[in-house]
Amino acid sequence: MLDFRLPSEYEDLRKTVEEFARDEVAPVIGDYYERCEFPYPIVAKMGQMGLLGLPFPEEHGGMGGDYFALCITLEELARVDSSVAITVEAATSLGAMPIYRYGTDEQKAEWLPSLTSGQKLGAFGLTEPGSGSDAAALATTARLEGDEWVINGTKAFITNSGTDITGLVTVAAVTGTRPDGRKEISSIIVPSGTPGFTVSKKYSKVGWSASDTRELSFQDCRVPAANLLGTRGRGFAQFLRTLDEGRVAIAALSVGLAQGCVDESVRYAHERETFGAKIGTYQAIQFKIAEMEARVHTARLAYYEAASRMLRGEPFKKQAAIAKLVSSEAAMDNARDATQIFGGYGFMNEYPVGRFYRDAKILEIGEGTSEVQKMLIARELGL
C-alpha cells in the first residue's frame with residue numbers, strides 16, 4: 001500500500017518551518033515587501049535554524065538532510081511569503097548545490113561552510129539579456145590567459161547576486177569550441193567584489209519585491225584558473241541537472257503559494273459578510289475554494305513524486321517538468337481566485353493575497369517557462 005503520510009522527521013521539520021513562517025515572517029514581511037527591501041534579519045534567523053544547509057552533509061556545515069527536506073521548507077515559507085522562499089531556494093539549490101556537486105575539496109572547504117550557515121549567499125549566473133529559454137545561446141565568454149580566466153559578458157535576472165552578504169556568483173560562460181563546432185560551456189566561480197565584476201541596481205519588479213534580483217556585467221573580470229567549477233566543457237550538463245532539481249524546488253514553492261491562497265480564502269470566507277450571511281455559506285464561494293484545494297492537492301503529489309524519484313537516483317526530468325508545470329499553474333489560478341474572493345480588498349497590498357497575486361506569475365516563467373516544461377515532457381515521451 002502506498003503511504004502518502006510524511007515520515008516523522010519531515011513532519012517535525014514542516015511544523016517547525018510553519019511556526020517560524022507564521023510567527024516570524026508573516027508579521028513583518030509586508031513592510032519589507034512594500035519598501036522593496038531585502039529581509040536580512042529573517043535570512044539571518046533562517047541561517048541560525050539551519051534552513052539554508054538542509055540538504056548538505058554535516059561535514060560541510062549542513063544539517064545532513066536531503067532535497068525533499070528543502071522542498072518541504074520552501075512550501076511552508078511560500079504559504080506566507082514567496083520572496084523569503086525564493087531567497088532560500090536560490091541560495092541553496094542554485095548557489096550552494098553546484099559547488100557541493102561539482103566543486104573540488106578546496107572549493108567546498110572555502111565556500112560551503114559560509115553558504116550552508118547563511119552567513120553568505122550564492123547565486124547562479126545563467127540567464128542573459130539575449131538568452132533565456134534558449135540557454136545554449138549564452139554569449140558570456142571566458143578565455144584562459146596563463147593561470148587566470150578573463151570573463152566578459154552580461155547576466156540578467158540573477159537572484160541573490162547583489163545583497164550585502166552575497167559571497168559568489170557561479171557564471172556559465174563559453175570557454176571554447178567543441179570538436180563538433182558547438183560552444184564549449186563551463187562554469188566559473190566569481191567572488192563578489194572581484195575587479196571587473198559589476199552588480200547593477202535592483203530591478204523594479206512586479207512581484208518578489210523583498211528578494212534581490214539584478215543584472216550583472218563582466219568586463220575583463222579576472223579570476224584564478226582554479227575557480228573553474230567541475231570539468232571544463234561540462235558546464236551545460238551541470239546547469240541542466242541544476243535546473244532539473246530547481247524545478248522540483250520551484251514546484252514546492254508554487255504549492256506553498258497556492259496553499260496560502262486557500263488558507264487566506266477560507267479564513268476570509270468565515271469572516272466576511274454580504275447580504276446578511278458569511279460568504280462561506282454561498283455555494284459559489286465554496287466551489288471556488290474547493291477547486292483551489294484540489295489544485296493544491298494534485299500539484300503537491302506531483303512534486304512529491306518528482307522529489308522521491310530524484311532521491312532514489314531514478315530519472316526524474318519528466319516528473320520535474322510535470323510538477324513545475326502543474327504547480328505553477330495552480331499557483332497562478334489560485335492567486336486569481338483568491339483575489340476574486342477578497343474582492344476589492346484582494347487588490348490591496350496590505351492583504352497577503354495581493355502579494356500572492358503579484359508573486360504568482362513569475363512561477364510560470366522562472367526555472368523554465370510553462371512552454372519549456374511542455375517541450376521537455378513531450379521530448380521525454382519520444383515526440
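Answer yes or no as to whether ALA306 is under 25 Å from ILE72 (Cβ atoms), open to solvent by less than 10 Å² (accessible area, probe 1.4 Å) and not assigned by the TED database to the domain that holds ASP147.
On the way: under 25 Å from ILE72 (Cβ atoms): yes; open to solvent by less than 10 Å² (accessible area, probe 1.4 Å): yes; not assigned by the TED database to the domain that holds ASP147: yes.
So ALA306 passes the test.
So in the stretch 157-169, with the set limited to residues that are touching a helix residue (DSSP H, G or I) at 6+ places or on another chain (Cβ under 8 Å) and assigned to a strand (DSSP E or B), which one is surrounded by the most Cβ atoms within 10 Å (Cβ to Cβ)?
Going through the qualifying residues, I end up with LEU168.
If I filter the stretch 170-226 down to residues being closer than 18 Å to ASN160 by Cβ and acidic (Asp, Glu), which single residue comes out as nearest to the chain's Cα centre (by Cα)? Talk me through it step by step, then tell me what you get.
Filtering the stretch 170-226 down to residues closer than 18 Å to ASN160 by Cβ leaves 170-172, 187-194, 197-205, 207-218.
Now restrict to residues that are acidic (Asp, Glu): 212, 215.
Working: ASP212: 12, GLU215: 17 Å.
Per the stated criteria, the residue is ASP212.
So for the stretch 352-365 (the condition being in contact (Cβ under 8 Å) with a residue 60 or more places away in the chain and closer than 19 Å to SER131 by Cβ), does at least one residue qualify?
yes
Within the stretch 32-40, is even one residue surrounded by 17 or more Cβ atoms within 10 Å (Cβ to Cβ) and more than 17 Å from the chain's Cα centre (by Cα)? Break it down into steps so the answer makes sense when it comes.
Of the residues in the stretch 32-40, the ones surrounded by 17 or more Cβ atoms within 10 Å (Cβ to Cβ) are 32-33, 38-39.
Going one step further and asking which of them are more than 17 Å from the chain's Cα centre (by Cα), we end up with 32-33.
Yes, some residue in the stretch 32-40 is surrounded by 17 or more Cβ atoms within 10 Å (Cβ to Cβ) and more than 17 Å from the chain's Cα centre (by Cα).
Among the residues of the stretch 146-156, are any of a type in the set (A, V, I, L, M, F, W, C), surrounded by 22 or more Cβ atoms within 10 Å (Cβ to Cβ) and either touching a Lys or Arg at 6+ places or on another chain (Cβ under 9 Å) or not in a strand (DSSP E or B) (or both)?
Of the residues in the stretch 146-156, the ones of a type in the set (A, V, I, L, M, F, W, C) are 149-151, 156.
From what is left, the residues that are surrounded by 22 or more Cβ atoms within 10 Å (Cβ to Cβ) are 149, 151.
Among the residues that remain, those that are also either touching a Lys or Arg at 6+ places or on another chain (Cβ under 9 Å) or not in a strand (DSSP E or B) (or both) are: 149, 151.
Yes, there is a match, as at least one residue in the stretch 146-156 is of a type in the set (A, V, I, L, M, F, W, C), surrounded by 22 or more Cβ atoms within 10 Å (Cβ to Cβ) and either touching a Lys or Arg at 6+ places or on another chain (Cβ under 9 Å) or not in a strand (DSSP E or B) (or both).
How many of the residues in the stretch 337-369 are under 18 Å from the mean Cα position of the chain (by Cα) and under 20 Å from GLN259 (Cα atoms)? Break it down into steps so the answer makes sense when it comes.
Step one: filter the stretch 337-369 for residues under 18 Å from the mean Cα position of the chain (by Cα), giving 355-369.
Imposing the further condition that a residue be under 20 Å from GLN259 (Cα atoms) reduces the set to 355-366.
Qualifying residue count, the stretch 337-369: 12.
For the stretch 81-113, which positions are among the aliphatic types (A, V, I, L, M) and closer than 20 Å to ASN160 by Cα?
Selection gives VAL84, ALA85, ILE86, VAL88, ALA90, ALA91, LEU94, ALA96, MET97, ILE99, LEU112.
Could you pull out the residue among LEU77, LEU54 that is aliphatic (A, V, I, L, M), closer than 23 Å to GLY230 by Cα and touching a residue at least 24 places away in the same chain (Cβ under 8 Å)? Show your work before the answer.
On the way: LEU77 fails: closer than 23 Å to GLY230 by Cα.
Among LEU77, LEU54, only LEU54 is aliphatic (A, V, I, L, M), closer than 23 Å to GLY230 by Cα and touching a residue at least 24 places away in the same chain (Cβ under 8 Å).
Only one of (1) farther than 18 Å from LEU74 by Cβ; (2) surrounded by 23 or more Cβ atoms within 10 Å (Cβ to Cβ); (3) within 19 Å of the chain's Cα centre (by Cα) fails for LYS318. Which number is that?
(2)
Tell me which strands (runs of 3 or more DSSP E) are completely within the stretch 170-288 and hold 1 or more residues being among the polar types (S, T, N, Q) and buried (at least 16 other Cβ atoms within 10 Å of the Cβ), or say none if there are none.
183-191, 213-224
Which one is surrounded by the fewest Cβ atoms within 10 Å (Cβ to Cβ) among residues in the stretch 117-129 that are under 16 Å from the mean Cα position of the chain (by Cα) and not hydrophobic (A, V, I, L, M, F, W, C)? Outline the logic, then answer.
If we filter the stretch 117-129 for residues that are under 16 Å from the mean Cα position of the chain (by Cα), which is where we start, we get 118, 121-127.
Narrowing further to those that are not hydrophobic (A, V, I, L, M, F, W, C): 118, 122, 125, 127.
Details: GLY118: 24, GLY122: 27, GLY125: 28, THR127: 18.
That would be THR127.
The values are calculated or read from the model by the stated rules, or taken from the named source; none is laboratory data. What you see is a predicted model; the values in this text were computed from it and never measured. For neighbour counting, all protein chains shown are included, and Cβ atoms are generated from backbone atoms with ideal geometry for every residue, glycine included. Remember, those area values only see protein heavy atoms, side chains included, never the ligands or the DNA or RNA. Shrake-Rupley method; radii C 1.70, N 1.55, O 1.52, S 1.80 Å.
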